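Written below as structure tokens is the structure these notes are about.
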Amino acid sequence: MAAASTLLYGSVLAGLFTSALAQSEYGQCGGVNWTGGTTCPDGWVCTSMNPYYSQCLESTSTAPSTTPTTIPTTSTAPTTTASSTSTLTGIAASAPTIGPSHDVGKTPALGWNSWNAYGCNINEDKILAAANQFISLGLAKAGYQYINIDDCWSVMTRNASTGRIIPDPAKFPDGISGVASQVHALGLKFGIYSDAGTATCAGFPGSLGNEELDATTFAEWGVDYLKYDNCNVPANWTDASTPPDGDWYNSNSAIRYRQMTAAMNETGRPFQFNLCIWGNANVWDWGARVGHSWRMSGDSSASWSYITSIITTNVQHLDSIDFYSHNDMDMMEIGNGDLTIQEQRTHFAAWAFLKSPILLGTDLGQLNTTQLAIITNAELLAFHQDTTVGTPARPFAPTPSAPTTSPPQFYSGTSAKGTHVFIVNTGNATSKTFDFANVPGLGSGSYKVHDMWTGKDVGTFATSYTTTVDTHDTAAFLVTAA
Ligand code: GAL
């Protein structure tokens, strides 16, 4: 009897556990460095797209197409960032080298994206609700600008005569241009999603081989931002383990994205361009030659392990970050799942001090006042959007004998206002000390410490500063000469 009830209890628990961890339809469920759940909803199967990305696909859906795509022969945009073409052959020898527009994207994007909030279950009302909430909740005033639609906005096939992608009329009765113009009327910018493969991750038309037509269409619709995904890449576009000429900029992966950069350039409309390439092909080495920001990993999840793992990844590539050049730690999870308030503060602060795009990913109407205060914190946003210093905060050793941790707990950076110190408490001890002499840019002496979260001066201190930081919380200071 006892054994039977234990069994029953065990299977109920297992059921609960499975459904709690089930990923959403088309959501990520595996891949290199993936820390989230690996099970899919009933009728959906976790399918490997490549070593970096597995996603939940309907068990009846056909395997991703591997039909070779015609490589466009166009894209003769002027060269701004020439790479050595001396030994390049094939597509790498003739691929466009035009860089992204520098009329936009100097500082990391601030906005909202539909995916983490709604997945494929999107429509015009939800997109426009987010845009209106940018105004009513004070987010636009705080600097949030982009309202971006993710996957699943079109019908499954292109227009048979024009070849154009068709917005889903059931979801978007005013078309995408109708949504864009309503977003623009609120003083905001508008973004859309496509894929550098034959189909998007959810199986809608991708843009590989149709870059010029799609960029023209997006420009005509008034699109300001393109997130460009990496699913359904045909076999003839995959990469060897080393790229031509030893430079991943010349890899097939990079060239799939470079073709879209050139196509967008030809439209004459400045686009902000996000490469959703999941940290493949050493994108941090060449991303700024192609777009404004690039994903460093698979998909975010509302978990502390995701936050610490993406910080750990990103701190290895901080040299890639400056104006027009941003490592994307993926969209925000504030408002989703059960992150503690301290974890949500760290999520926001780390994205801000590492200068990642910050795209909110929740139903904004559900945010409470504490969460709204976090995402509209003026001083953290000012650091993120600083137009005089483009580089991020970097780890430093707070005292001569401090142990090294992964991810690091102490970071310092500069803004127009001076030197900042950020302390991420990834451990259990809550007392944190840094010596002024150890902070890059400062030296021994007395300093005024100002709390960026509260906007208040804490006091003046000699030699060092000790503070309490809750477990998984992040403290943020401006430290200036006394
Ligand atoms: C993934 C991407 C997600 C989301 C999703 C849509 O590849 O990383 O952010 O865009 O596709 O299907």
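Each of TRP278, TRP304, TRP237 was scored by other Cβ atoms within 10 Å of its Cβ. Arranged with the fewest first, they read TRP304, TRP237, TRP278.
Ordering CYS46, CYS231, CYS29 from the fewest to the most neighbouring beta carbons within 10 Å gives CYS46, CYS231, CYS29.
When both region 413-482 and region 245-278 are represented by their alpha-carbon centers, they are found 40 Å apart.
Other residues within the sphere of radius under 15 Å centred on the Cβ of PRO398, judged by their own Cβ, net out at +1 (K and R +1, D and E -1). Taking Cβ separations below 4.7 Å as the criterion for a possible disulfide partner, the isolated cysteines in the chain are CYS276.
Segment ASP322..ASN236, full-extension length gain: 27.6 nm, with 0.36 nm per residue of separation and the alpha-carbon distance subtracted.
Overall shape: oblate for region 97-384, with the ratio a/c of the largest to smallest alpha carbon gyration tensor axis at 1.5 or above and b/c at least equal to a/b.
For region 319-332, the Karplus equation 6.51 cos²θ - 1.76 cosθ + 1.60, evaluated at θ = phi - 60°, returns couplings of 5, 7, 9, 6, 3, 6, 8, 9, 6, 9, 8, 5, 6, 6 Hz by residue, with Gly and Pro reported as x. Its DSSP H runs of at least 4 residues, each contributing -39,500 (n - 2.57), put the calculated 222 nm mean residue ellipticity of the chain at -7500 deg cm²/dmol, to the nearest 500. Modelled this way, with points 7 Å down the Cα-to-C-beta line, the labels at ASP338 and LYS448 are 4.4 nm from one another.
If contacts are Cα pairs under 8 angstrom and at least 6 residues apart, what is the relative contact order of region 168-238 in percent? Computed value for region 168-238: 36 percent relative contact order.
For the chain, the alpha-carbon radius of gyration amounts to 1.01 times the rule-of-thumb value 2.2 N^0.38 Å expected for a compact globular protein. This model, with +1 at the C-beta of Lys and Arg and -1 at the C-beta of Asp and Glu, gives the chain a dipole about its Cα centre of some 680 debye. Region 280-355 and region 89-121 have their alpha-carbon centroids 15 Å apart.
In the chain, a dipole from Cβ-located charges (positive for Lys and Arg, negative for Asp and Glu) runs towards its positive end, and of ILE307, THR340, THR433 it is THR433 whose Cα lies farthest in that direction. Rounded to the nearest 20, the Cβ-based charge dipole of region 394-481 about its Cα centre (Lys and Arg +1, Asp and Glu -1) stands at 180 debye.
The simple Förster model, with R0 at 56 Å and r as the Cβ-Cβ distance, assigns ASP363 and SER161 a FRET efficiency of 0.90.
Every read-out reported here was derived from the displayed coordinates using simple, explicitly stated rules and does not represent laboratory data. Since the structure is predicted, the reported quantities are computational estimates derived from the model, not experimental observations. FYI the Cβ positions are ideal-geometry reconstructions off the backbone, even for glycines, and counts take in every protein chain you see.
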